């Protein structure tokens, strides 16, 4: 028990007294439980910072790690994305606001940062939404929703590929889409591709410093993302994460 407490001395603020002090509780059943106050103080402090730690064992292992894997959206980035552009295809007569209306109607109620960005942008532009007749979330792809008698798809490049919809014509007609390095959410219906919504999610101000300190400690950081490689690479480069 003392060894475990000492192991988390650094994590609990570096005070030796915390590392060696122990709380002993007599449960009354003949079982005695000893808990280093270092564990208690570390778990409490972490919880106040919004960090959930599974067990004291996890804290003990921190001094042995050599790799940290981060999720991109909402962890390294602010999770407060903003829409920066909407493009429509040549096959549709729908306006940008009408594309936004379909996408926001399909995404309403979702708590994902991208869905919230789209619905927020619709509110800012005073675009009215409609209720979905049917709704399905497809993991790793996006959403499919029944809206006004047709199925509307809002999701990734992968979702469009699975549907058999080619996005290359839209990208070729609007070269600034890929040049912007903004993330892309495609909007389609059961007849084909309708358009694309571009958004950006800024990096957290502290993310680059966290990555720098990890590298100084000899810990290798990695980033996980379901975003387009070009966008993910741009965020990684900004934060100092090697590809």
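The values are calculated or read from the model by the stated rules, or taken from the named source; none is laboratory data. The shown structure was predicted, so the numbers you read here are calculated from the model rather than taken from an experiment. Reconstructed Cβ throughout: ideal geometry from the backbone, glycine too, with neighbour counts over all protein chains shown.
When only residues in the stretch 186-200 that are surrounded by fewer than 22 Cβ atoms within 10 Å (Cβ to Cβ) and within 25 Å of the chain's Cα centre (by Cα) count, which is farthest from residue 92 (Cα to Cα)? The extreme case among them is 200.
Residue 39 meets the conditions (1) modelled with pLDDT of 85 or more; (2) part of a helix (DSSP H, G or I) in every case but one. The failed one is (1).
Right, residue 218: more than 30 Å from residue 145 (Cα to Cα), in a loop (DSSP other than H, G, I, E, B) and outside the structural domain of residue 163 (by TED's automatic domain parsing) or not?
Working: more than 30 Å from residue 145 (Cα to Cα): yes; in a loop (DSSP other than H, G, I, E, B): yes; outside the structural domain of residue 163 (by TED's automatic domain parsing): yes.
Answer is yes for this residue.
Tell me which residues, restricted to the stretch 218-238, are without any contact (Cβ under 8 Å) to a residue 40 or more places away in the chain and surrounded by fewer than 16 Cβ atoms within 10 Å (Cβ to Cβ). Step through it out loud before you land on a result.
From the stretch 218-238, those without any contact (Cβ under 8 Å) to a residue 40 or more places away in the chain are 229, 233, 236-238; that's our starting set.
229, 237, 238 - these are the residues of the stretch 218-238 that are without any contact (Cβ under 8 Å) to a residue 40 or more places away in the chain and surrounded by fewer than 16 Cβ atoms within 10 Å (Cβ to Cβ).
Just for the stretch 52-68: of the residues that are surrounded by fewer than 10 Cβ atoms within 10 Å (Cβ to Cβ) and under 21 Å from residue 212 (Cα atoms), which one is modelled with the lowest pLDDT?
64
For the stretch 91-108, name all the residues that are part of a helix (DSSP H, G or I) and surrounded by fewer than 18 Cβ atoms within 10 Å (Cβ to Cβ). If the condition is that a residue be part of a helix (DSSP H, G or I) and surrounded by fewer than 18 Cβ atoms within 10 Å (Cβ to Cβ), then 96, 97, 98 are the ones that fit.
All conditions but one from (1) buried (at least 19 other Cβ atoms within 10 Å of the Cβ); (2) more than 22 Å from residue 157 (Cα to Cα) apply to residue 125; the one that does not is (1).
What is the number of the single condition among (1) assigned to a strand (DSSP E or B); (2) within 30 Å of residue 212 (Cβ to Cβ) that residue 80 does not meet? Failing condition for residue 80: (1). Filtering the stretch 53-77 to residues that are free of Cβ contacts under 8 Å to residues at least 40 places away in the same chain and assigned to a loop (DSSP other than H, G, I, E, B) leaves 53, 54, 55.
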